[in-house]
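The values are calculated or read from the model by the stated rules, or taken from the named source; none is laboratory data. Source: prediction; values computed, not measured. Virtual Cβ from ideal backbone geometry, glycine too; neighbours counted across all protein chains shown. Side chains included, ligands, DNA and RNA excluded: accessible areas come from the protein's heavy atoms. Shrake-Rupley method; radii C 1.70, N 1.55, O 1.52, S 1.80 Å.
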Amino acid sequence: MGDVPEGDIAFEEYFRTRRDALRRTAYLMCGDWHRADDHTQAAFVSLHRHWRRIRDKSALDAWMRRTLVRAVVDESRRPWRRERFTAEPDDRRAVPAAADAVATRHVLVDGLRAVPSRQRAVLVLRFLEGLDVAAAAAALGCSEGTVKSQTAAGLAALRAALGDALDDLRPAG
């Protein structure tokens, strides 16, 4: 066995430390763990292809976030990947009578699934990843004004999707 190049060790370390967080972000954007795995893997494959040319390693998170968001949004635009509503209830919608935090998370993730992909990406980046407007705009490759309008539209769509479930999420008292 030969020596492993230093760049490969650095990539492996980055992959190991960031994989789970990026996978969660992808899941929140697409609502499916299998597709989240695919998007995350594709983003890391792309990163590996460009690894030796990336000079500013401190910008890797932003680069990966942008790659991931683009992959999720692009895939959602493909006609064969659009969600189809059925009369049959989806088993994933059944929320176990567990802790309130788990129920809240399930309700919010289900609500996010009903939000258009671009708006969902903005909501995930702004409120779940904690990015400010400028950082979200950089990740999405759009203007800050677009992020603001997509945030407002996304919140309205999320409120509409949650409907009565929104009242159940508010603390009593």
Query raised in the report: Here are some residues: Ala165, Ala153, Ala139. Which one is more than 16 Å from the chain's Cα centre (by Cα), at pLDDT 85 or above and of a type in the set (Gly, Ala, Ser)?
Result: Ala153
Query - Output for segment 47-66, where each listed residue is surrounded by fewer than 20 Cβ atoms within 10 Å (Cβ to Cβ) and not hydrophobic (A, V, I, L, M, F, W, C) - result: His48, Arg49, His50, Arg52, Arg53, Arg55, Asp56, Lys57, Ser58, Asp61, Arg66
Query raised in the report: Counting only residues that are small (Gly, Ala, Ser) and without any contact (Cβ under 8 Å) to a residue 12 or more places away in the chain, which one in segment 118-159 is surrounded by the most Cβ atoms within 10 Å (Cβ to Cβ)?
Result: Ala137
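Conditions (1) open to solvent by 90 Å² or more (accessible area, probe 1.4 Å); (2) at positive phi; (3) among the hydrophobic types (A, V, I, L, M, F, W, C), marked per residue:
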site: Asp8; (1), (2), (3): no, no, no
site: Arg24; (1), (2), (3): yes, no, no
site: Asp32; (1), (2), (3): no, no, no
site: Arg35; (1), (2), (3): no, no, no
site: His39; (1), (2), (3): no, no, no
site: Val45; (1), (2), (3): no, no, yes
